[in-house]
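What follows is a set of notes on a single structure, which appears directly below.
The values are calculated or read from the model by the stated rules, or taken from the named source; none is laboratory data. Model, not experiment: these values are computed from the prediction. Using ideal geometry, Cβ is built from the backbone for each residue, glycine included, and neighbour counts are taken over all protein chains shown. SASA here: full protein model, heavy atoms, side chains in, ligands and nucleic acids out. Shrake-Rupley method; radii C 1.70, N 1.55, O 1.52, S 1.80 Å.
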Amino acid sequence: MKAEEVRSVKEEAIASIKSAGTVAELEEIRVSYLGKKGKITSALKELGMLPAEERPVVGALVNEVRQEIEQALASRREELGKSELKAKFEAERVDITLPGRKPNVGRKHLLTQVTDEIIDIFIGLGYRVAEGPEIELDYYNFEALNTPPDHPARSTTDTFYVRKAGDRPASDDALLRTHTSPVQIRVMEAAKPPIYVIVPGRVYRRDAIDPTHSPVFHQVEGLAVDEKITLGDLKGTLEVFAKAMFGEDREVRLRPHFFPFTEPSAEVDVSCFVCNRRGCRVCGNGWIEILGAGMVDPNVLAQVGYDPETVSGFAFGMGVERIAMLKYGISDMRLFFENDMRFLRQF
Amino acid sequence: MLVPFSWLKEYVHIELSPDELAKRFDLTGTAVESVKYLDKELDKVIVGLVVDCEKHPNADRLKVCQVDIGEEELRQIVCGAPNVEGGQVVPVGLPGARLPNGIELSRAKIRGIESNGMICSKSELGLGEDAAGIMVLDSTYEIGTPLAKALGLDDVVFELEVTANRPDCLGMIGVAREAAAITAAELKLPSTSVMEGVRPAAEMASVEIKDPELCPRYEARLIMGVKIGPSPLWMRRRLEKAGVRPISNIVDATNYVMIETGQPLHAFDFDQVGGGKIIVRRATEGERIVTLDEVERLLLTDDLVIADASRAIAIAGIMGGGYSEVTDRTVNVLLEAAHFKPESIMRTSRRLGLFSEASARFEKGVDPNIVQFASDRAIELMRELAGGEVLKGEIDVYPTRIEPRNLTLRTRRVNAILGASLETKEVSTILSHLGLGVKPASEDAHLLKVTVPTFRFDLEREIDLVEEVARLYGYDVIESTLPESSGKRGGLSPEQRMAGVIAERLISQGLFEARTYSFMGPQDADNMNLPADSAYRNAIPLLNPLSEEQSIMRTSLLPGLLKVVRHNLYREQYSVKEFEVGRVFMPADGAILPEEKRMLGIVLSGRVLGYEWYDKEKGRRFDFYDLKGVVTDLVERIGIGDWSIMPSKDPRFHPGKSADLLIGGEPAGAFGQIHPAVQANYDLPVEVMAAEISHDLLIEGASLERFFEEIPRFPGISLDVALVVDESVTNEEIIKMIEREGGDILESAGVFDVFQDGGIPAGKKSVAYTMTYRSTERTLTVEEAKERQAKIVARLQKDFNAIIRS
């Protein structure tokens, strides 16, 4: 191939490279010039046929042209690659507004969530979790808890019985426990102080089902018995709990009250987390009653064989439904037991 | 206990506002349920005079009244009451008034006639039940004055919650004593001087207590020649504010003094007391009495009665008899002030279902030494209100005087319980404010000797005094601390942690936790398709259930969960996936308390997914394998090593689509499709997959211990085979065969396809398996794997008569 021919091949090649529309077309062009049988490759092979004096010149020229074609191919390939990729991406575009495939994951019942939250706070304070039977002896549910025989809670209108010897309460009457407090006695019977336990559980009262009553509900009870436990310790413990449960800004107020198995006793209010004590529909006067508490009555300690002069204790108990209702704005207790999927999914 | 502020202030000087006092009560243990400002409820209700009253031109039953309310012009008011007439003094609600019954008044046109207010009925004003007509007021009321003022309602009433330990606060003086203690004020008791005649009462009447245990004290006084009539306005008002209906001067005097002192009193028509004899005795066998409420009551020999010479004239401490009651014709009155044993009153009152203000007080306990005070006070009031002559002296039978209690209190003990550092002097001051006698013990300056008057009989032990100190010192000033103990090791037990793992796993499987009632009904056993001898039928019945459906303790979680499924499916919830962990109750041989077992219940019903756009099996419903996946994933996750399943005979399930779960070879529960009959019994529109497994056994068999297993370093080779076998050949049989033939280089084998269609002969099915071969020591060659595969295939052909499809 003569020098002019080489130049015209080059121009022809550059022109077709420029007009190539796809990477595939470009590959065809490359093969036709630079492939095994391509024009430039052939020109190189034919160099030997040229007169000796022309060979270096034409040889250099062919190599130069080859490089130029290669460069042109590379730059065109890059151009085409970009736009083809762009077109490809465009074609693959999805509707990002279609819903994603969410994994189907369930939830714990709200009452479990609230119970777990309470337990978690007390585990952090060094408590362990204890449980007891739901069908309980009168002895544990009432008698050992210093409840007088004629206390209204012991009547068949208030408490479900499964075994009752006669009109008067008997230690071995069996009933559906009306609170988690009998577990206090069982724990103390089984161990010596120090005792720090938190007791979640299901309890029963003979109330017909309506928005604010349920024959079945849940409590969490706490008990600490040790040397030198004071009312101040009870107050401090409940403050830690209230802040952890309802928010750091919460205040706690203890009002003297009466329970048979604690003395001194208190009802415990937390400053309203809705209105922050200004007074609103949830709280009325800025305070929300959340639990009952007190120092374990010496009679109860003596009943389990402890010496009330050397150990003292505090106990507290709260209704899980009540706390869940307050915290989540639920006004009908029946929702907790209907297990409507629309309710369960919300929490 | 309703406490009118004005009445309370008779006994104690209070400078606090009603709200401040209420707060103080609250923080010292007397819970205030409400503070009612009586006048606020009657804001914009004015005393008016109906000057003119004409028929409404457009309505037969309405009248147009011109009312003078002390303004320059008369107000025109349309009134529908049948009893409205000109000349009446009436309560007029002005526009803007918000009445106690919730009605808000405004100017209105009624049938074309302008009406500028409303003439109100008693019920609209919350002053009574009468809603039939307007309230007509005393004509002496001044026109234009606010009604509240005219009625003496510019007062505040506290509603106190009196706890079981403080029956002394069921009387105004007790409340006043408490108010005095918490405000450091002085208590002023009313005078009890009685203007007596010269005739001695003892000559006219006698008292005999036959049962001093049930009646430790009985005092009678006599007043002769009374004139029965209404009480004066001030007394009627006070009684009404305290929630007591005024009746007559004599009866009102007894009620007034009961509210004042907490001591119930009873007035007998003395002329009906046979022989002038009061005998306090137990009822005789078969004795009957007609009480004030005109009901005849049969008495038992445990009941205490007040009798005259011939018969019972009252049920002691509960209610008088109709025959001896004070009436308009009564002239001579015997006043009873007595002390009864609380337990006796409570028992009789509950048995008869008969409750009164008196029984409510007696059953909680009354101060035995207030009897004389109350008796003197009431008899003098009677004399003042009804005239007559009080006979000289009281007939007071009080065989064994009940004395004040003596207690000791250690300051050290107070401080140890409260976590405070009070001085003995402070403790002493606090207790004195409560009316207790306090003096330091001679032997120890930090020991107090406390004399507890009988009005505070609730104070029996040192700890009771500690509580009194605590509440008056103030819970709010006690410093908050945390227990200092080295003995605390918080945390969950391994079993409790495992319960958490189980719940978490089910939740991650898409199940929602449910909580159902612990009861079921006898009909649930039938509904669950249980045979007569089924253990599930052996439930513990409640002695006093609320209803038949909730009359026994559950022996299974499934009835409750099936009701949950139904609840949801009938409320547009097409996919129900729930589980419950709860207790079931089975009688335990030889033990009083039953066995409580914790069970795991699972229900899956309806559609697997909703109608998601990516769901290629739209509308597919949960089937056996969805449930089996949940169950087996759980047992694997919690590391139960030895578990298996076998076909179940549990009658609650579909016999062909259910399995028993065995842990360590022992039955631990069953799962599968609910039997179609059970499905129908619970009115379930689609099939339900359910499981009931012992949660206790799951936890017992579970283990979270794991040992690291080397990750394979050499590549594996997977080979597939598809075969046609008899329908009856199970996956388990095939897998076992493959595993046996596969030997050491077979890492795993699993089914990846199962189908039956036209291409497969009837009674046969096509199944496909993939086997993975691997060596832990070297790279396996394809030839080795293929050789082993061929061996397996040959065995399958031989043993299962399998036809190889590929």
Of B:Tyr536, B:Tyr473, B:Tyr574, B:Tyr570, which residue is closer than 17 Å to A:Glu338 by Cα, more than 7 Å from every other protein chain (Cβ to nearest Cβ) and out of contact with any strand residue (DSSP E or B) (no Cβ under 7 Å at 6 or more places or on another chain)? B:Tyr570
More than 9 Å from chain B (Cβ to nearest Cβ) and touching a residue at least 12 places away in the same chain (Cβ under 8 Å), is that true of A:His179? yes
Number of positions in region B:748-793 that are open to solvent by 20 Å² or more (accessible area, probe 1.4 Å), more than 22 Å from B:Gly716 (Cβ to Cβ) and of a type outside the set (Lys, Arg): 9
Residue count, region B:549-564 (criterion: within 14 Å of another protein chain (Cβ to nearest Cβ) and either open to solvent by 40 Å² or more (accessible area, probe 1.4 Å) or in a loop (DSSP other than H, G, I, E, B) (or both)): 6
Whether any residue in region A:39-59 is exposed (fewer than 15 other Cβ atoms within 10 Å of the Cβ), closer than 30 Å to A:Glu84 by Cα and among the acidic types (Asp, Glu) is what I want to check. no
Of all residues making up region A:4-27, the number that are over 17 Å from A:Gln71 (Cβ atoms) and either surrounded by fewer than 13 Cβ atoms within 10 Å (Cβ to Cβ) or hydroxyl-bearing (Ser, Thr, Tyr) (or both): 6
Checking B:Ser442, B:Ser493, B:Ser508, B:Ser432 in turn, the sole residue that is within 11 Å of another protein chain (Cβ to nearest Cβ), more than 30 Å from A:Arg342 (Cβ to Cβ) and surrounded by fewer than 19 Cβ atoms within 10 Å (Cβ to Cβ) turns out to be B:Ser493
Answer residue from region B:476-490, given it is of a type in the set (A, V, I, L, M) and either buried (at least 17 other Cβ atoms within 10 Å of the Cβ) or at the interface with chain A (Cβ under 7 Å from one of its Cβ atoms) (or both) and is farthest from B:Glu705 (Cα to Cα) among those: B:Ile478
When you scan region B:565-611, how many residues do you find that are open to solvent by less than 30 Å² (accessible area, probe 1.4 Å) and aromatic (Phe, Trp, Tyr)? 2
Could you identify the single residue in B:Glu285, B:Glu240 that is modelled with pLDDT under 95, under 38 Å from the mean Cα position of the chain (by Cα), open to solvent by 40 Å² or more (accessible area, probe 1.4 Å) and not β-branched (Val, Ile, Thr)? B:Glu240
Return a yes/no flag: does region B:731-746 have any residue that is part of a loop (DSSP other than H, G, I, E, B) and open to solvent by less than 70 Å² (accessible area, probe 1.4 Å). no
Restricting attention to region B:616-645, and to residues there that are within 16 Å of B:Ser694 (Cβ to Cβ) and not β-branched (Val, Ile, Thr), which single residue is most open to solvent (accessible area, probe 1.4 Å)? B:Asp642
Select from region A:102-120 the residues that are of a type outside the set (Val, Ile, Thr), modelled with pLDDT of 90 or more and open to solvent by 50 Å² or more (accessible area, probe 1.4 Å) and list them in ascending order. A:Arg107, A:Gln113, A:Asp116, A:Glu117, A:Asp120
Is there any pair linking a residue in region A:210-237 that is at the interface with chain B (Cβ under 8 Å from one of its Cβ atoms) and without any contact (Cβ under 8 Å) to a residue 40 or more places away in the chain to one that is open to solvent by 20 Å² or more (accessible area, probe 1.4 Å) and in a strand (DSSP E or B), with Cβ under 8 Å and at least six apart or on different chains, and which? A:Lys235/A:Val252
Got at least one residue in region A:136-153 being open to solvent by less than 30 Å² (accessible area, probe 1.4 Å) and within 9 Å of another protein chain (Cβ to nearest Cβ)? yes
Looking at the structure I just gave you, is B:Ile502 facing another protein chain (nearest Cβ under 9 Å) and open to solvent by less than 20 Å² (accessible area, probe 1.4 Å)? no
Among the strands (runs of 3 or more DSSP E) confined wholly to region B:102-194, which include 1 or more residues that are open to solvent by 40 Å² or more (accessible area, probe 1.4 Å) and of a type in the set (Lys, Arg)? B:108-110
So in region B:15-39, with the set limited to residues that are without any contact (Cβ under 8 Å) to a residue 60 or more places away in the chain and assigned to a helix (DSSP H, G or I), which one is farthest from the other protein chains (Cβ to nearest Cβ)? B:Glu20
Check A:Thr310 against each of (1) more than 30 Å from the chain's Cα centre (by Cα); (2) assigned to a helix (DSSP H, G or I); (3) surrounded by fewer than 18 Cβ atoms within 10 Å (Cβ to Cβ) and name the one condition it does not meet. (2)
Complete set of residues in region B:96-110 that are touching a residue at least 24 places away in the same chain (Cβ under 8 Å), closer than 14 Å to B:Leu42 by Cα and not small (Gly, Ala, Ser): B:Arg98, B:Leu99, B:Pro100, B:Asn101, B:Leu105
Check region A:156-172 and report whether any residue there is open to solvent by less than 20 Å² (accessible area, probe 1.4 Å) and more than 10 Å from chain B (Cβ to nearest Cβ). no
Check off (1) crowded, with 16+ Cβ neighbours inside 10 Å; (2) assigned to a helix (DSSP H, G or I); (3) of a type in the set (A, V, I, L, M, F, W, C) for A:Ala302 and give me the number that stays unchecked. (1)
Please list, ordered by first then second residue, the pairs with beta carbon atoms under 7 Å, 6 or more apart or interchain, first in region A:327-347 and within 11 Å of chain B (Cβ to nearest Cβ) and at positive phi, second open to solvent by less than 30 Å² (accessible area, probe 1.4 Å) and part of a loop (DSSP other than H, G, I, E, B). A:Asn339/B:Ala514; A:Asn339/B:Thr516
Going by what's in this entry, would A:Val282 be described as over 21 Å from B:Thr30 (Cβ atoms) and away from every other protein chain (no Cβ under 11 Å)? yes
